[in-house]
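The values are calculated or read from the model by the stated rules, or taken from the named source; none is laboratory data. Just so you know, these numbers come straight off a predicted model, no measurement behind them. Cβ coordinates were reconstructed from backbone atoms using ideal geometry, including for glycine residues, and neighbour counts include every protein chain displayed. Remember, those area values only see protein heavy atoms, side chains included, never the ligands or the DNA or RNA. Shrake-Rupley method; radii C 1.70, N 1.55, O 1.52, S 1.80 Å.
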Amino acid sequence: MQQITRKYQVVLVKLIFIVFSCSSYLALAQTSSQSTPKNQNGSQQLENAVNFKLLDLQNNTHQLADFEGKTLIVNFWASWCGPCRKEIPAMNRAWAELKDKNVAMLAINYGEDKDSVAAFIKDYPIDFTVLLDESNVTSQDWKIMAMPTTVIVNSKGQIIERILGPREWDSEEMLKAIKSIR
């Protein structure tokens, strides 16, 4: 009897977490992207991206400086996030189009361990670099509040856009916009 009660408690906790995650996503998704602050002259005041040091699935270390001089698309995601799963195929198609265009793409996993991420990728392949943020330090440093969030960084290391929610990354309009970033 105690095992059944414990099982229901675990299921209830998971359901509460999912409902909270979805409600946070929906609340934040009301704005499609967070606007960039303006300085006193009314022009954009760009924030520098915060450095990170994260491992990929092959235990190689990556940091922000590795991508200096490139447009960087950083997608924060989690395996339990339905909208994250939804946009992976479009991101893979975008990567196929952008990989030779001075653009880098990263998929930074939010708080899951290496084995869980590797298992997920078997069912949902990600064609670009996957990094592990097991302790969520980078996610906190980059002010990630919901999944998926994609941060666009220009070649100077400045954040030019924060995009909340899934997008059609392989659309002609999106690809053209990314290619135009300097």
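Numerical summary
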item: From Asp141, Asp115, Asp127, residue being of a type in the set (Asp, Glu), within 19 Å of Ala65 (Cα to Cα) and either crowded, with 20+ Cβ neighbours inside 10 Å or over 10 Å from the mean Cα position of the chain (by Cα) (or both); result: Asp141
item: Some residue of segment 47-56 being crowded, with 17+ Cβ neighbours inside 10 Å, at pLDDT 80 or above, in contact with a Lys or Arg (Cβ under 8 Å, 6 or more places away or on another chain) and in a strand (DSSP E or B); result: no
item: Condition check for Leu98: at pLDDT 95 or above, over 13 Å from the mean Cα position of the chain (by Cα), surrounded by 20 or more Cβ atoms within 10 Å (Cβ to Cβ) and closer than 24 Å to Leu46 by Cα; result: yes
item: Options Ser135, Ser180, Ser155; residue that is over 15 Å from Ile108 (Cα atoms) and free of Cβ contacts under 8 Å to residues at least 40 places away in the same chain; result: Ser180
item: Test result for Ile88, over 12 Å from the mean Cα position of the chain (by Cα), at pLDDT 95 or above and either closer than 18 Å to Leu46 by Cα or assigned to a helix (DSSP H, G or I) (or both); result: no
item: Every residue from segment 149-176 that is under 12 Å from the mean Cα position of the chain (by Cα) and closer than 21 Å to Lys70 by Cβ; result: Thr149, Thr150, Val151, Ile152, Arg162, Ile163, Arg167
item: Qualifying residue in segment 57-73 (condition: touching a helix residue (DSSP H, G or I) at 6+ places or on another chain (Cβ under 7 Å), closer than 17 Å to Ser180 by Cα, assigned to a loop (DSSP other than H, G, I, E, B) and open to solvent by 20 Å² or more (accessible area, probe 1.4 Å)); result: no
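Residues checked against (1) outside any strand (DSSP E or B); (2) over 24 Å from Asn60 (Cα atoms); (3) out of contact with any His (no Cβ under 8 Å at 6 or more places or on another chain):
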site: Leu131; (1), (2), (3): no, no, no
site: Ser135; (1), (2), (3): yes, no, yes
site: Thr138; (1), (2), (3): yes, no, yes
site: Ala146; (1), (2), (3): yes, yes, yes
site: Glu161; (1), (2), (3): no, yes, yes
site: Glu168; (1), (2), (3): yes, yes, yes
